[in-house]
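The values are calculated or read from the model by the stated rules, or taken from the named source; none is laboratory data. Owing to the predicted nature of the structure, the values given are computational and were not obtained by experimental measurement. Positions of Cβ are generated from backbone atoms using ideal geometry, with glycine treated the same way; all protein chains shown enter the neighbour counts.
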Amino acid sequence: MSLVADAFVSQIAAAEAWPENAALYQPLKGEQILLSDNASSLAVQAFLKMCNLPCQVICRANAEYMSPSGKVPFIHVGNQVVSELGPVVQFIKAKGHSLSDGLDEVQKAEMKAYMELVNNMLLTAELYIQWCDEATLEEITEPRYSSPFPWPLNYILVYQKRWEIQRKMKAIGWANKSLDQVFEDVDQCCQALSQRLGAQPYFFSKQPTELDALVFGHLFTILTTQLTNDELREKVKKYKNLIDFCRRIEHNYFEDHAKDTSAGGMQRLPKGPSLH
Amino acid sequence: MAAPMELFCWKGDWGLPSVDVDCLAVLTYARFSGAPLKVHKITNPWKSPSGSLPALRTEENGVISQTHQIITHLRKQKYNADYDLSARQGADTLAFVSLLEEKLLPALIHTFWIDAKNYVEHTRKWYAESIPFPLNFFLPNRMHRQHMERLRLIRGDAWIEDEGELEKELYRDAQECLSLLSQRLGSQKFFFGDSPASLDAYIFSHLALLLKANLPSSKLQQHLKSLDNLCNYCVSILSMYFTWDMAASQSTSPRRAQAEPQDGDEEPHKRRNQILSVAVGLIAMIGYALLSGIVSIQRGSAGNAVTGRVVIGEEDEED
C-alpha cells in the first residue's frame, strides 16, 4: 500500500465504520485462480472472518490488473482499495480491529518473523512450482492463467508473467534449485510451523492472529488443490497438528457461514475427505 | 583429516572482518562453530572458484557458493553451532532469518547500493579502490545494476514509478524489523541465551555492516544506533570472536604485501591475468586503429563481389 494512502487511512479510516458492501476481489474461482493467489486470497478472507467483518467475495478475470499493487487479492471498503494481507492488516487496525493487541512485544516479533517465513518459503515455493516446474506450468498454470483471454493475448500474458517470476527466482537464488530441493524447503517450513504450533489451538494459544490466517490460507489451499502430483500435499500431510489446525479454522470460521452467499468463495474447495 | 576447507570472501574494512553481508555471515558462523577454514580474503571476485563471493571449496562437494548452503555444509561436517537448540528454537531461527531477508536486507541493499549519495561516496568508492585494475572500472557498476535489479524484483515493478515512496516504505519496514529484533533480544547475550547459534551469525552480519560503515547518509544507521542492546550485541561479538582480525587489520598493508606473491604462484590465475591483459591490449589497439582511420572497413564498393574488404593504409591513399 502506498504511503500516501497510508497517511490517508490513519486520518480518515478510523472515523468510518465498516460498510455493508465491503468486497474482496480475486481471480475467477473455478477456472482461473492459481495456487498462490488462492492461498493469499483465502488468508485475507480468514483474517476478515476472524475480525468478524463481513466481506463479499467477487471474482473478476482481470482482478490482477485492478489491484493497486498488481497482486491479488484486494479489498474495496468504502472508497478505499487495499491489496495483500500485510497492508490489509494495517488498514483494519486503523479501523480499530486488531487480532494481535493481546500479544507482548516478543510475541509480536515472533509473529512477524513467522509471517515472513510463510511468505519467504511457502509462497515462493508455490510460485516456483507454478511457474518454473515444466509439467505444472504446461498442464495447470498455462491453461488456467490464460483462460479468460483471447488468442494472442493469452500467450503474451503467460510468457510475460513467467519471465517475471523466473527472473525473480534468479534474483533470490532459487533459480538453481531443483524441484526436490523446493519440496525440501517446504518440508522444513512446515516442520518449523508444526514445532511452533505444538499442541496449542492457535499459534499464540487461545486467540487467532493474522499469522493463523496466513498459515491457514496457504496450508488449506495446498491441502485441497489438485496438482500434477501429490508431493507438495504429502509434505504438509505429515504434520498432524497442522492439519488439525486447518480443520479447526475451517470449522470455526468458514463452515457456519457456508450457507451465506458471501462465503461462496469457500464452497468450491473440496472439503472433508481431502483433509483426512 | 582431509585438507582444510577453503573459504573465499571479500576482505574486511571499517573494523569488520568482511564488507559483504553474506561473507560476514559465513565467517561469523565459522567462528561460532569453530570450523577450521583456510580463509582467503580477496578483492577480486573473479579469483573465486565459483566466480562469486563467498565461496567454499570442499573436498567432497566441490565449490559451494550460497550462504545457506555453505552453513548447511558446515553443519553437516559436525561444525554445528545449533546443536543445543530445541526444535522450537530451530523453527524460530528459520523464521527470523526470513524476517531479515524480507525486511532488513532490501533496505540494506538500498542503503549501500541505490541511495545515490552513499553509493557514489562510499560503496562505489570502496569497491573501486579495492578491486584490482581493469576490473575496478566496470565491476562496481555491474554490482550496482545487479542489486538494483534484485531490489526491483523483490519489491515488484511499482517502485520505479515513485522512488521516494519506495524508500520510505523500505526504511519503515527495516526500522520495524530492527525494533522487533531489539525486543526479541532483550537483555540476553545472544538470541538463544548464552551461546551463539546460526541465527546470531545471520543477524550479526546484517547489523554489524550497517553499524560500522561510514555512510554519508544514514537514516537506518541512526535508528540502529538508538537501539542500545543491538549495538552492544554487535560490539561484543566483534570483540569476542574477531579480536585477532581487528589487531591484524591495523597492520593490513604488510600482511597483504606478503599475501600477494603467494597469490601470484597460483598458476591458473596468473595465466588468466596474462590472457586478459593481452586481450585488453589487443582490443585497445584495434579500437584505436579503427577509430583513427588507419584501418577502415569498406562495404560493397562498386563492382566488387566481396562485401566487406579491409583496406590497409597504402590503399587508402589511392582513394
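Counting just the residues of region B:67-102 that are under 17 Å from the mean Cα position of the chain (by Cα) and without any contact (Cβ under 8 Å) to a residue 24 or more places away in the chain, which one comes out nearest to B:LEU181 (Cα to Cα)?
Step by step, filter region B:67-102, then rank; the result is B:GLU101.
When region B:100-136 is examined, which residues are found to be within 12 Å of B:LEU220 (Cβ to Cβ), away from every other protein chain (no Cβ under 14 Å) and β-branched (Val, Ile, Thr)?
Answer for region B:100-136, where residues must be within 12 Å of B:LEU220 (Cβ to Cβ), away from every other protein chain (no Cβ under 14 Å) and β-branched (Val, Ile, Thr): just B:THR111.
Residues to consider are B:GLU149, B:GLU161, B:GLU176; find the one that is modelled with pLDDT of 80 or more, within 11 Å of another protein chain (Cβ to nearest Cβ) and either over 23 Å from the mean Cα position of the chain (by Cα) or loosely packed, with under 13 Cβ neighbours inside 10 Å (or both). It would help to see each step written out before you state the result.
Numbers: B:GLU149 fails: either over 23 Å from the mean Cα position of the chain (by Cα) or loosely packed, with under 13 Cβ neighbours inside 10 Å (or both); B:GLU161 fails: modelled with pLDDT of 80 or more.
The match here is B:GLU176.
Based on this model, can you work out whether B:LEU238 counts as assigned to a helix (DSSP H, G or I), modelled with pLDDT of 80 or more and closer than 27 Å to B:ILE114 by Cα? Walk me through how you get there before you give the answer.
Working: assigned to a helix (DSSP H, G or I): yes; modelled with pLDDT of 80 or more: yes; closer than 27 Å to B:ILE114 by Cα: no.
Judged against the criteria, B:LEU238 is not a match.
Kindly indicate the residue of region A:98-118 that is in contact (Cβ under 8 Å) with a residue 60 or more places away in the chain, surrounded by fewer than 21 Cβ atoms within 10 Å (Cβ to Cβ) and not hydroxyl-bearing (Ser, Thr, Tyr) and also nearest to the other protein chains (Cβ to nearest Cβ) among those meeting that condition.
A:GLN107
Can we say A:ARG233 is modelled with pLDDT of 85 or more and over 25 Å from A:ASN120 (Cβ atoms)? Lay out the reasoning, then the answer.
Values: modelled with pLDDT of 85 or more: yes; over 25 Å from A:ASN120 (Cβ atoms): no.
So A:ARG233 fails the test.
Looking only at region A:182-200, filter to residues that are facing chain B (nearest Cβ under 10 Å) and surrounded by fewer than 17 Cβ atoms within 10 Å (Cβ to Cβ); which one of those is farthest from B:ALA95 (Cα to Cα)?
By that ranking, first place goes to A:GLY198.
For region B:74-83, indicate whether the set of residues that are part of a loop (DSSP other than H, G, I, E, B), closer than 29 Å to A:VAL106 by Cα, within 14 Å of another protein chain (Cβ to nearest Cβ) and acidic (Asp, Glu) is non-empty. Before you say what the answer is, go through the steps one by one.
Here is the first cut: in region B:74-83, the ones part of a loop (DSSP other than H, G, I, E, B) are B:77-83.
Still in the list and also closer than 29 Å to A:VAL106 by Cα: B:80-83.
With within 14 Å of another protein chain (Cβ to nearest Cβ) added as a condition, the list becomes B:82.
Adding the requirement that they be acidic (Asp, Glu) leaves B:82.
Yes, the conditions are met somewhere in region B:74-83.
Among what's in region A:71-88 and is out of contact with any Ser or Thr (no Cβ under 7 Å at 6 or more places or on another chain) and within 13 Å of another protein chain (Cβ to nearest Cβ), pick the residue that is nearest to A:ARG196 (Cα to Cα).
Quick first cut of region A:71-88, residues out of contact with any Ser or Thr (no Cβ under 7 Å at 6 or more places or on another chain) only: A:75-82, A:86-88.
If we keep only those that are within 13 Å of another protein chain (Cβ to nearest Cβ) as well, we get A:86-87.
Numbers: A:GLY86: 21, A:PRO87: 25 Å.
That would be A:GLY86.
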